[in-house]
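K.L.:
Have a look at this one before I ask anything.
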Amino acid sequence: MATTRKVVIIGSGPAGYTAAIYAARANLAPLMFTGIQAGGQLVLTTMVENYPGFVDGIMGPELMETMRKQAERFGTDMIGEDVTAVDFSRRPFVVSAGDTAYEADTVIVATGATSKLLGLPGERELMGRGVSTCATCDGFFFRDQDIMVVGGGDSALEEALYLARLGRKVEIVHRRDVLRASKIMQERALKNPKISFVWDSVVERIADPARGKVTAVTLRNVKTGAISEHPVDGLFVAIGHEPSTRVFRDQLELMPNSYVKVVPGTTQTSVAGVFAAGDVADYSWRQAVTAAGTGCMAALEAERYLEARQG
């Protein structure tokens, strides 16, 4: 068992790196497990134009590398491994990565959430080049263009309504003939003159990875088998998110949707001394700037928790 750390941060991305910066500047010598894919979802994006402080925008991987260097500058120790187990039933807490266990007085969970994808060839290659999972992040790049949204829940309709303000037209593709979204969201989407629906259909193919951009989407009608091709400039996948909470399922109280449950207005979880920041606890906003904000909150709450325990 390694020396007990005052703060252990699980996960990187805007929430984890911000928590590390604040904790390190408070002389708490945080230990961060960045995960094998350090930087979270932003390393999969291209240009980020809505993060404050970058007038001309910044590439997602560059933003994450900048945050990482800032956290390291103040003394954050980083381990590029995934956490495989935790024990929050004892104190100090135990965080394990592979065969090595680490003790911690406080833990900040910042493992994020991943967007569910269609699983089609070329989908990941075209991410940030016409394929997106975030209208708020990328909608600006499709002004006056033809856009397709995949999904039938509130998130899909919310994305479509946002994109309709920017694009020329928006097609919503849903595998059923009935939407799962709330009635008010359905009414708004159905009344919008820029939005149309393609029912009972699924995406079969995305063109064109060879050209490095989205040019068209091939759809298949699940009832008739009919194939149709739709020229589009952007494809937004809105079929849900999966919070990275598997390792915490028996350790922390989770919401019915598997996100970490926190005390409203705080990052405090069901276990005193364990805090959750970023998309792992946020199923509403899922923005880099809100993740960074809760990363700051988690570090400050951890600092106050440690001070209170010391008397």
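K.L.:
For A288, which of the numbered conditions (1) crowded, with 24+ Cβ neighbours inside 10 Å; (2) modelled with pLDDT of 95 or more; (3) not charged (D, E, K, R) fails to hold?
P.N.:
(2)
K.L.:
Next question, about the same structure. In this structure, is V263 among the β-branched types (V, I, T), open to solvent by 40 Å² or more (accessible area, probe 1.4 Å) and not in a loop (DSSP other than H, G, I, E, B)? Give the steps one after another, and end with the answer.
P.N.:
Numbers: among the β-branched types (V, I, T): yes; open to solvent by 40 Å² or more (accessible area, probe 1.4 Å): yes; not in a loop (DSSP other than H, G, I, E, B): no.
Here the answer is no, as V263 does not meet what is asked.
K.L.:
Can I ask one more? Of all residues in segment 1-48, how many are open to solvent by 30 Å² or more (accessible area, probe 1.4 Å) and not in a loop (DSSP other than H, G, I, E, B)?
P.N.:
Qualifying residue count for the region: 8.
K.L.:
T269 versus (1) under 19 Å from I21 (Cα atoms); (2) more than 14 Å from the chain's Cα centre (by Cα); (3) not charged (D, E, K, R): which is the lone unmet condition?
P.N.:
(1)
K.L.:
Give just the number: which of (1) at pLDDT 95 or above; (2) of a type outside the set (D, E); (3) surrounded by fewer than 20 Cβ atoms within 10 Å (Cβ to Cβ); (4) over 22 Å from the mean Cα position of the chain (by Cα) does T106 not satisfy?
P.N.:
(3)
K.L.:
Report, by residue number, each residue of segment 207-224 that is open to solvent by 40 Å² or more (accessible area, probe 1.4 Å) and either farther than 19 Å from G130 by Cα or under 25 Å from the mean Cα position of the chain (by Cα) (or both).
P.N.:
P209, K213, R220, V222, K223, T224, listed by residue number.
K.L.:
Does at least one position in segment 191-206 carry a residue that is surrounded by 14 or more Cβ atoms within 10 Å (Cβ to Cβ), in a loop (DSSP other than H, G, I, E, B) and touching a Leu at 6+ places or on another chain (Cβ under 7 Å)?
P.N.:
Yes, there is a match, as at least one residue in segment 191-206 is surrounded by 14 or more Cβ atoms within 10 Å (Cβ to Cβ), in a loop (DSSP other than H, G, I, E, B) and touching a Leu at 6+ places or on another chain (Cβ under 7 Å).
K.L.:
Run V232 past the list (1) touching a helix residue (DSSP H, G or I) at 6+ places or on another chain (Cβ under 8 Å); (2) under 19 Å from R168 (Cβ atoms); (3) open to solvent by less than 40 Å² (accessible area, probe 1.4 Å) and report the number of the one that doesn't hold.
P.N.:
Failing condition for V232: (1).
K.L.:
If A97 satisfies all but one of (1) open to solvent by 30 Å² or more (accessible area, probe 1.4 Å); (2) within 30 Å of E303 (Cα to Cα); (3) of a type outside the set (S, T, Y), what's the number of the condition it fails?
P.N.:
Condition not satisfied by A97: (1).
K.L.:
Cβ-Cβ below 9 Å, separation at least six or inter-chain, first residue in segment 34-49 and within 10 Å of E62 (Cβ to Cβ) and free of Cβ contacts under 8 Å to residues at least 40 places away in the same chain, second open to solvent by 30 Å² or more (accessible area, probe 1.4 Å) and assigned to a loop (DSSP other than H, G, I, E, B): which pairs?
P.N.:
V43/Q37
K.L.:
A further question on this structure: Looking at the structure I just gave you, is V274 open to solvent by less than 50 Å² (accessible area, probe 1.4 Å) and of a type in the set (A, V, I, L, M)? So that I can check it myself, show each step before the final result.
P.N.:
On the way: open to solvent by less than 50 Å² (accessible area, probe 1.4 Å): yes; of a type in the set (A, V, I, L, M): yes.
The answer is yes for V274.
K.L.:
Could you run through segment 153-168 and say how many residues are open to solvent by 30 Å² or more (accessible area, probe 1.4 Å) and part of a loop (DSSP other than H, G, I, E, B)?
P.N.:
Residues in segment 153-168 being open to solvent by 30 Å² or more (accessible area, probe 1.4 Å) and part of a loop (DSSP other than H, G, I, E, B): 2 in total.
K.L.:
Please verify whether E171 is at pLDDT 95 or above, more than 23 Å from V48 (Cα to Cα), assigned to a helix (DSSP H, G or I) and acidic (D, E), treating the condition exactly as stated.
P.N.:
Details: at pLDDT 95 or above: yes; more than 23 Å from V48 (Cα to Cα): yes; assigned to a helix (DSSP H, G or I): no; acidic (D, E): yes.
Taking the combined requirement at face value, the residue does not satisfy it.
K.L.:
If you don't mind, there's one more thing I want to ask. May I ask you to verify whether S258 is closer than 30 Å to T111 by Cα, among the hydroxyl-bearing types (S, T, Y), assigned to a loop (DSSP other than H, G, I, E, B) and within 20 Å of the chain's Cα centre (by Cα)? Even if it seems obvious, please write down each step before you answer.
P.N.:
On the way: closer than 30 Å to T111 by Cα: yes; among the hydroxyl-bearing types (S, T, Y): yes; assigned to a loop (DSSP other than H, G, I, E, B): yes; within 20 Å of the chain's Cα centre (by Cα): yes.
So S258 fits the description; yes.
K.L.:
Do you know which residues across segment 71-83 are out of contact with any helix residue (DSSP H, G or I) (no Cβ under 7 Å at 6 or more places or on another chain) and either of a type in the set (S, T, Y) or assigned to a loop (DSSP other than H, G, I, E, B) (or both)?
P.N.:
The answer is G80, E81, D82.
The values are calculated or read from the model by the stated rules, or taken from the named source; none is laboratory data. Since we're looking at a predicted model, the values are computed, not measured. As a convention, Cβ positions derive from the backbone with ideal geometry for all residues, glycine included, and neighbour counts pool all protein chains shown. Side chains are part of the model used for accessible areas, which takes the heavy atoms of the whole protein and leaves out ligands, DNA and RNA. Shrake-Rupley method; radii C 1.70, N 1.55, O 1.52, S 1.80 Å.
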